[in-house]
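One structure below.
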Amino acid sequence: MSDAGSADRFEPGGFDGEDDPVGGNGTAGKGDFEDKSSFKDKSDKRDEQDEAEQQEGYGIPGGPAHDNGNDIPPGPDQPPRIPMPRASVEDGGRPLPALEDLDETAQRPARLVLEHRVLKSLLGAWALAACSPDETAAVEEHLGDCGSCADEALRLREAVGLLHQPESLDLDPGLRTRVLDGCLDRRPPRIPVPEWAAPYDAEAARLDALLQDIGDAEWHRPVRLRWFEAESPMTRRTTVAGVIAHLLSVDGLVAVALGMDDPLGDVAEAGSTPRARTEAYWRASHFPPNRSVRAPWRDQTHDLVRTASFISDSGPARPAVSYGDFELPLRDAMLDRAFECWVHAEDIAEAVDYPYEPPAPRHMNRMIDLAARVLPDVLATRRRAGLASPPHHRHLVPAGEPGRSLRLEIEGMGGGEWLIPLDSPAAVGSAAHEVAHVALDGAEFCRLAAGHVPPAEAAVGQVGDREAIRDVLFAAAALSRM
């Protein structure tokens with residue numbers, strides 16, 4: 001073989017001094033093997049390493065390095081793979097340590113010592129309960145010694161209490177009225193909403209705000225409508241959507257009186273009373289009412305307020321609204337619809353667990369005034385039906401003359417006093433002929449008039465003729481209807 005061929009062969013010892021990785025010029029650099037003693041030293045080191053790994057379990061079959069899934073028990077000289085549970089001090093037979101030894105060996109944390117300026121800067125965080133336990137202990141210890149810091153800490157704690165007042169997140173029911181009043185003061189409308197239509201406008205808006213906050217499933221929550229007929233309470237089961245359909249149907253009576261389209265269409269021919277119209281609407285629905293009824297109801301409320309705004313006091317006579325078996329002037333009918341809107345909004349709020357406040361005091365006062373003006377007619381109707389006191393208690397007087405009266409005192413911001421003639425709707429209430437005095441809270445009286453509170457259970461303060469008081473309370477409950 002030629003020299004070129006021999007040069008291509010690999011020879012294990014073919015290193016020269018330039019290729020020495022160590023950079024030395026010893027024996028290895030001249031192409032010879034290392035000294036045999038070096039191999040012996042390396043072999044001894046590998047043996048020691050293998051022995052150490054075996055002591056740690058890495059060279060044992062089934063150990064971490066050679067885990068083949070076979071659970072081979074360790075040798076007698078090797079520790080168990082799973083340590084045995086430790087025995088308690090009591091079970092080991094050893095004496096328990098003395099309490100003195102424990103106290104001496106206990107490590108107690110050192111008390112945190114801070115400067116006055118640092119402690120003063122921590123007062124705000126301490127008032128907000130944002131300090132660490134050590135800082136809290138240091139601050140509280142300092143407050144016992146420093147009067148100025150104690151006064152400052154007291155002021156900060158009182159300020160923190162103002163930041164966490166337990167107030168409701170719901171808007172004030174009078175906020176809308178105040179905002180509108182502020183806007184209208186800056187730019188009055190060309191056609192303002194009349195005062196007698198403002199309660200209906202406000203209550204419809206409050207109910208609509210409630211409906212915006214409920215979910216789809218809550219529209220089918222059960223609601224029980226309540227009212228009084230004769231001497232007995234009546235109920236009718238429906239849903240939240242069914243209540244809005246009821247309001248849509250009865251508000252349609254006002255819409256028809258104003259020349260607007262009847263929301264019931266041909267279904268309105270089934271009856272002219274509020275209950276008949278509502279039952280007809282429910283029967284005509286192919287499916288139970290759902291949240292889709294909200295849009296036509298809200299559009300109708302806007303149209304009613306807008307149309308009523310064009311009727312001025314100097315214009316033609318306002319139309320009367322027929323409820324089937326009785327009529328109300330348009331002004332009173334709008335107050336009646338505002339009252340019904342509030343009452344049924346409370347029914348819905350109770351069904352969906354939603355807080356709901358009474359109307360604004362001035363609006364509630366108008367509603368109570370309407371009920372007080374209607375009470376004499378209701379008393380006469382009940383007397384003709386034999387539901388009032390015997391006729392020998394009556395004292396008839398000519399129309400317009402004062403007669404026996406009951407003083408109705410309504411407490412609260414929306415309250416007042418009314419003298420109710422007892423014997424004839426044409427008589428005039430007179431303080432000189434007062435035979436009884438009744439006092440109720442405004443919201444309680446409205447719930448009584450809505451049929452939600454039985455007359456015998458109403459929280460009433462009463463003095464005078466018991467029969468006259470009973471007649472007036474039952475007449476107030478008879479104002480309710482479905």
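The values are calculated or read from the model by the stated rules, or taken from the named source; none is laboratory data. Worth saying up front: this structure is predicted, and the values here are computed from it rather than measured. No Cβ is skipped: glycine too gets one built from the backbone with ideal geometry, and neighbour counts run over all protein chains shown. All accessible areas refer to the heavy atoms of the entire protein, side chains included, with ligands and DNA or RNA removed. Shrake-Rupley method; radii C 1.70, N 1.55, O 1.52, S 1.80 Å.
Regarding Pro398, is this residue open to solvent by 10 Å² or more (accessible area, probe 1.4 Å) and part of a loop (DSSP other than H, G, I, E, B)? Let's see the steps before the verdict.
On the way: open to solvent by 10 Å² or more (accessible area, probe 1.4 Å): yes; part of a loop (DSSP other than H, G, I, E, B): yes.
Yes: the conditions hold for Pro398.
Kindly indicate whether any position in region 431-454 is β-branched (Val, Ile, Thr) and closer than 20 Å to Pro359 by Cβ.
yes
For the structure I just gave you, tell me whether Ala268 is small (Gly, Ala, Ser), modelled with pLDDT under 90, in a helix (DSSP H, G or I) and over 23 Å from Asp353 (Cα atoms).
Answer is yes for this residue.
Could you identify the single residue in Ala431, Ala458, Ala449 that is hydrophobic (A, V, I, L, M, F, W, C) and open to solvent by 40 Å² or more (accessible area, probe 1.4 Å)?
After applying the criteria, what remains is Ala431.
Just checking, how many residues over region 228-248 are out of contact with any Gly (no Cβ under 6 Å at 6 or more places or on another chain) and either acidic (Asp, Glu) or open to solvent by less than 40 Å² (accessible area, probe 1.4 Å) (or both)? Quick ask: steps written out before the conclusion?
The initial filter retains those residues of region 228-248 that are out of contact with any Gly (no Cβ under 6 Å at 6 or more places or on another chain), namely 229-248.
Within this subset, residues satisfying the condition of being either acidic (Asp, Glu) or open to solvent by less than 40 Å² (accessible area, probe 1.4 Å) (or both) are 229, 231, 238-248.
Selection size over region 228-248: 13.
Within the set of pairs 6 or more residues apart or between chains, which connect a residue that is modelled with pLDDT under 90 inside region 456-472 to a residue that is open to solvent by 70 Å² or more (accessible area, probe 1.4 Å) with Cβ atoms less than 8 Å apart?
Within 8 Å, the pairs are Ala459/Asp441.
So if I check each of Ala209, Ala205, Ala197, Ala217, which one is under 21 Å from the mean Cα position of the chain (by Cα) and within 22 Å of Thr307 (Cβ to Cβ)? Explain how you work it out, then say what you get.
Values: Ala209 fails: within 22 Å of Thr307 (Cβ to Cβ); Ala197 fails: under 21 Å from the mean Cα position of the chain (by Cα); Ala217 fails: within 22 Å of Thr307 (Cβ to Cβ).
After applying the criteria, what remains is Ala205.
Which numbered condition in (1) open to solvent by 20 Å² or more (accessible area, probe 1.4 Å); (2) under 31 Å from the mean Cα position of the chain (by Cα); (3) in contact (Cβ under 8 Å) with a residue 60 or more places away in the chain is the only one that Phe310 fails?
(2)
From the set of residues in region 273-287 that are among the small types (Gly, Ala, Ser) and part of a helix (DSSP H, G or I), which is modelled with the lowest pLDDT?
Here the answer is Ala284.
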